[in-house]
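I have placed the structure first, in the form of C-alpha cells, so that the comments after it can refer back to it.
The values are calculated or read from the model by the stated rules, or taken from the named source; none is laboratory data. Please read all numbers here as calculations on a predicted model, not as lab measurements. No Cβ is skipped: glycine too gets one built from the backbone with ideal geometry, and neighbour counts run over all protein chains shown.
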Amino acid sequence: MRWIPGESTATFGISYNGDARTMLVEELGDTWTPADVPPLRCRWVHVAPLSRSEWPTATIAALARRHRVSFDGQGLVRAPELGPLRLDDDFDRDLLRHVWVLKLADEEAEVVGDPAKLGVREVLVTHGSKGSTVYCGGTREFISARAIDRDPTGAGDAFATSYIVGRNAGFSPTGAARRATAVVASLLAA
C-alpha cells in the first residue's frame, strides 16, 4: 500500500429504502493524474472513482499500459457536482477502451446504454439483492443472489474486488461472478 496525500476526499450522505439508495454529494475528491499513480507490482488494478472527475481517461490509459483495469461505472456517470447525486452520460467514451472489466449498477447501466455494445471485454451489471449479469465474448449470463436484510453499503465494491481476485486466480468470468456473489453474501450475513 502506498499513501498519496490529497487536498480533498469525496464525501457522501447515503440513505436506503430497500434496494433504492439516495445520495447527497457533500465533497468531491481530488483528480488523479498519471504522475499520481505509483509503480505497482500486480496484474489487475481496480479503480472505484466516486465521481467522473477523479480518474480521467489519461490516468486510466497510463494504468492500462501495465495492468488490467477494472473500473467501477459510477466513475463514468456521476456528475462532479455538490448536492443531490445526478447521473448523466457526459463521460469520455474513449476511457472504455482502456478498461478490461466494467462494473455497473442497474442505474448506471441505464445511463451508459447496452452493456454488450460498450466495447469492454467484461461487463458486470449488478442488480442489488437480485444478483448480477455478466457480459463477455458476446454472451450474457445472469447470476442469481439471495436477499439479505442488511445495509448494502460497500457490496458493489466487495463484489468487484472479489470478482477480480477470482479472475486473477483463473476463474472464468461467470465463475468469478458466482464467487463474488458468495463473498458478498457472507460479508452481509456476518
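Only a single item in (1) within 18 Å of residue 18 (Cβ to Cβ); (2) more than 15 Å from the chain's Cα centre (by Cα); (3) surrounded by fewer than 16 Cβ atoms within 10 Å (Cβ to Cβ); (4) of a type in the set (Gly, Ala, Ser) is not met by residue 185, and it is number (3). Just give me the residues in the stretch 159-182 being under 11 Å from residue 145 (Cβ atoms) and crowded, with 16+ Cβ neighbours inside 10 Å, in sequence order. Listed by number, the residues that qualify are 159, 177, 178, 180, 181. Scanning the stretch 106-131 for residues that are surrounded by fewer than 20 Cβ atoms within 10 Å (Cβ to Cβ), of a type in the set (Gly, Ala, Ser) and either in contact (Cβ under 8 Å) with a residue 24 or more places away in the chain or touching a Pro at 6+ places or on another chain (Cβ under 9 Å) (or both) yields 113, 116, 128, 129, 131.
Can you report the number of residues in the stretch 45-72 which are part of a strand (DSSP E or B) and either without any contact (Cβ under 8 Å) to a residue 24 or more places away in the chain or of a type in the set (Val, Ile, Thr) (or both)? Final tally of qualifying residues: 3. Scanning the stretch 10-26 for residues that are surrounded by 15 or more Cβ atoms within 10 Å (Cβ to Cβ) and either among the charged types (D, E, K, R) or modelled with pLDDT under 85 (or both) gives a single hit, 21. Put simply, of 9, 22, 31 the only residue that is in contact with a Gly (Cβ under 9 Å, 6 or more places away or on another chain) and in a loop (DSSP other than H, G, I, E, B) is 9.
For the stretch 96-151, the tally of residues that are under 25 Å from residue 66 (Cα atoms), of a type outside the set (Ser, Thr, Tyr) and part of a strand (DSSP E or B) stands at 9. Of the residues 99, 134, which single one is within 16 Å of residue 184 (Cβ to Cβ) and either touching a residue at least 24 places away in the same chain (Cβ under 8 Å) or in contact with a strand residue (DSSP E or B) (Cβ under 6 Å, 6 or more places away or on another chain) (or both)? Unique residue meeting the criteria: 134. Given the condition surrounded by fewer than 19 Cβ atoms within 10 Å (Cβ to Cβ), under 25 Å from residue 179 (Cβ atoms) and hydrophobic (A, V, I, L, M, F, W, C), answer yes or no: does some residue in the stretch 72-82 qualify? Within the stretch 72-82, not a single residue is surrounded by fewer than 19 Cβ atoms within 10 Å (Cβ to Cβ), under 25 Å from residue 179 (Cβ atoms) and hydrophobic (A, V, I, L, M, F, W, C).
Give the residues of the stretch 88-105 that are surrounded by 13 or more Cβ atoms within 10 Å (Cβ to Cβ) and either touching a Pro at 6+ places or on another chain (Cβ under 7 Å) or farther than 18 Å from residue 47 by Cβ (or both), sorted by residue number. Listed by number, the list holds a single entry, 104.
For the stretch 27-47, a residue qualifies if it is at pLDDT 90 or above and aliphatic (A, V, I, L, M), and the qualifying residues are 28, 35, 45, 47.
When residue 179 is tested against the conditions (1) in a helix (DSSP H, G or I); (2) closer than 18 Å to residue 18 by Cβ, the lone failure is (2). Against the list (1) surrounded by 13 or more Cβ atoms within 10 Å (Cβ to Cβ); (2) of a type in the set (A, V, I, L, M, F, W, C); (3) within 21 Å of residue 88 (Cα to Cα), the condition residue 37 fails is (3). Does residue 80 qualify as being within 27 Å of residue 185 (Cβ to Cβ), in contact (Cβ under 8 Å) with a residue 24 or more places away in the chain and in a loop (DSSP other than H, G, I, E, B)? So residue 80 fails the test.
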